[in-house]
1. If packing is taken as the average count of other Cβ atoms within 10 Å, what order do 206-213, 12-19 fall into, highest mean first?
2. Got a sec? Charge dipole of the chain, +1 on Cβ for Lys and Arg, -1 for Asp and Glu; which of PRO140, TYR79, CYS6 is way out at the positive end?
3. So for the chain: antiparallel DSSP bridges make up what percent, rounded to the nearest 5?
4. So, how do all the Cα-to-Cα distances of the chain break down into 10 Å bins, in percent, from 0 on up?
5. HIS146 accessible area, nearest 10 Å², 1.4 Å probe?
6. Please report, to two decimal places, log10 I(q)/I(0) for the range 93-226 at q = 0.14, 0.21 Å⁻¹ as given by the Debye formula with identical point scatterers on the Cα atoms and no solvent.
Amino acid sequence: MINIKCGDCLELMNEIPDNSVDCIITDPPYCVGITSNGIKSTFSDFYLTKPFWEQIFREWSRISKDDINIYMFTDWRTYPFIYPIFYKYFIVRNLIVWEHGLLRPGNWYRGSHELIIFATKGKSKRKFGGGEKDIIRIKPESSELHPNRVHPSQKPVKLLEKIILNSTDKGEIVLDNTMGSGSTGVACVNTKRSFIGYEIDEKYFDIAKGRIAQAQLKREQDFFTK
């Protein structure tokens, strides 16, 4: 089951029944860096977005099953603000470091990783092995890097597949309410999971729709050639 729609995720998530989603994997805007008027944003600017995050996490809590795993990409500037709001609704288990091996712009210890908040709800049982580390080293494919990438913050499908396999079984429902170019949806197709995806930008929604359809076609072709 693939269910993707273009629109405001806060409105679209109202269509999802209570206690029905098995896993949430999403990469929301970090709200850091330079604002539209060219002025660098500050930590106090985050408070303007607090009502939005309250709504998002409240809705996640409503639609998620009691044993859900949640993976939310973030960065070191956003994490201190997001954490206390997130913790009101879920149990934050760890902060995963995704080491992508690239060098980000800058002069003060240039970044080569991103952070992923890992959380559960209720008495969730661990589905992955006890030896799994909180550092994941997966490099993006050339197609996922500039100038070939189709989204500025595109994540590797292999990274998303690993997360999905660690936290779900075949057929279970994964939600990405800010799906961008649809990489989570592609990973769900590849791992035989159901997917719900929302994207407000029409350009990226069309890209996501095409990439997911292509992944479905490839899976069907692989099935008939085996």
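1. Put in order of decreasing packing, that is 206-213, 12-19.
2. PRO140
3. So the antiparallel bridges in the chain amount to around 45 percent.
4. Spelled out per bin, shortest first, that is 7, 32, 39, 18, 3, 0.
5. Estimated to the nearest 10 Å², HIS146 gives 140 Å².
6. The calculated log intensity ratios at q = 0.14, 0.21 Å⁻¹ are -0.74, -1.43.
The values are calculated or read from the model by the stated rules, or taken from the named source; none is laboratory data. Treat the numbers as computed from the prediction; the structure is a model and nothing was measured. All Cβ positions, even for glycine, are placed from backbone atoms using ideal geometry, and neighbour counts span all protein chains on display. Note: accessible area is taken over every heavy atom of the protein model, side chains too, but ligands, DNA and RNA are not part of it. Shrake-Rupley method; radii C 1.70, N 1.55, O 1.52, S 1.80 Å.
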